[in-house]
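Novice: Sharing a structure below in structure tokens format, with a few things to ask.
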Amino acid sequence: GGPTVLEHLETVPVSHDLAHCHARLPVQYVIRPQTAAHPDYRGYAGQIAAGTFRVGERVTVLPSGRTSTIAGIDLLGTPVDVAWTPQSVTVLLEDDLDVSRGDLIVPSDDAPATTQDVTATVCHVADLPLTVGHRVLLKHTTRTVKAIVREIPSRLNLADLSPHPDPGRLVANDIGRVRIRTAEPLALDDYQDSRRTGSFLLIDPADGTTLTAGMAGAAFPSERTGAADSDDSGWDF
């Protein structure tokens with residue numbers, strides 16, 4: 001008596017309200033015109049990945065951990081008091097901090113922990129298999145760092161959604177769990193909390209080919225309890 005499966009899939013809501021997620025601003029560009037009209041202007045430009053920022057708010061710059069206060073926000077050249085996702089803005093800070101492309105500006109009372117050890121669910125999309133020891137580039141928002149695949153604990157069996165332990169590698173279209181070590185610290189959110197700052201790409205450093213799409217932490221909400229919750233494979237189905 002209801003719609004067909006295809007009709008339902010085409011109409012089911014898939015929106016994700018980023019405005020109410022943890023506030024995150026990946027720095028894409030540092031603006032320093034150094035003109036007579038703006039001799040001391042130093043702004044940090046980028047698209048707000050999630051949440052809302054306000055003038056006067058205390059913020060932290062990651063991965064350095066240095067803090068300051070938002071002195072101003074420019075939106076299309078016009079000062080505003082509040083900005084939210086997905087607006088592209090320029091943020092000015094009260095303190096002269098060393099901030100560059102790839103840094104992440106976050107509220108000081110809601111700063112994610114930085115880490116060099118990333119556990120994630122990934123979908124491998126390249127013909128070249130992903131193997132333990134594989135050296136890659138990890139791109140997270142505007143930051144790209146060197147990384148190495150340390151472990152592939154499990155691969156998802158698509159027939160029954162059960163984990164296949166220690167597969168050794170992931171081939172094209174495989175979904176699996178991986179543990180990655182990065183050369184520099186990253187500030188990742190769990191994918192289930194923020195799709196923009198919880199996702200990343202693994203890239204072939206030789207030719208720039210995208211190898212794998214990743215979702216940090218617990219990618220999916222747990223749908224059952226019991227043995228599956230204590231399974232070290234990390235699957236949350």
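The values are calculated or read from the model by the stated rules, or taken from the named source; none is laboratory data. Keep in mind the model is a prediction, meaning the values are calculated, not measured. A quick note on method: Cβ atoms are made from the backbone with ideal geometry, for glycine too, and the neighbour counts reach across all protein chains shown. With ligands, DNA and RNA removed, areas are computed over all heavy atoms of the protein, side chains included. Shrake-Rupley method; radii C 1.70, N 1.55, O 1.52, S 1.80 Å.
Novice: Would you check if there is a residue in region 214-221 being farther than 30 Å from ALA45 by Cα, out of contact with any strand residue (DSSP E or B) (no Cβ under 6 Å at 6 or more places or on another chain) and modelled with pLDDT of 95 or more?
Specialist: No, region 214-221 contains no residue that is farther than 30 Å from ALA45 by Cα, out of contact with any strand residue (DSSP E or B) (no Cβ under 6 Å at 6 or more places or on another chain) and modelled with pLDDT of 95 or more.
Novice: Is at least one residue of region 25-40 touching a residue at least 12 places away in the same chain (Cβ under 8 Å), open to solvent by 10 Å² or more (accessible area, probe 1.4 Å) and of a type in the set (D, E, K, R)?
Specialist: No: region 25-40 contains no residue that is touching a residue at least 12 places away in the same chain (Cβ under 8 Å), open to solvent by 10 Å² or more (accessible area, probe 1.4 Å) and of a type in the set (D, E, K, R).
Novice: Sticking with this one: Only residues that are open to solvent by 40 Å² or more (accessible area, probe 1.4 Å) and in a loop (DSSP other than H, G, I, E, B): list them for region 203-212, please.
Specialist: Within region 203-212, PRO205, ALA206, ASP207, GLY208, THR209 qualify.
Novice: Would you tally the residues in region 173-220 being among the acidic types (Asp, Glu), without any contact (Cβ under 8 Å) to a residue 24 or more places away in the chain and closer than 20 Å to THR114 by Cα?
Specialist: 0
Novice: Now a separate question. Kindly provide the set of residues from region 73-118 that are of a type outside the set (Val, Ile, Thr), buried (at least 17 other Cβ atoms within 10 Å of the Cβ) and either without any contact (Cβ under 8 Å) to a residue 24 or more places away in the chain or closer than 22 Å to LYS146 by Cβ (or both), ordered by number.
Specialist: GLY102, ASP103, LEU104, PRO112
Novice: Among THR35, THR60, THR52, which is the only one that is hydroxyl-bearing (Ser, Thr, Tyr) and under 14 Å from GLN87 (Cβ atoms)?
Specialist: None of the others qualify; the one that does is THR52.
Novice: With the condition being open to solvent by 30 Å² or more (accessible area, probe 1.4 Å) and modelled with pLDDT of 95 or more, I'd like the strands (runs of 3 or more DSSP E) fully within region 119-202 carrying at least 1 qualifying residues.
Specialist: Of the strands (runs of 3 or more DSSP E) lying wholly inside region 119-202, those with at least 1 residues that are open to solvent by 30 Å² or more (accessible area, probe 1.4 Å) and modelled with pLDDT of 95 or more span 135-140, 143-157, 175-186.
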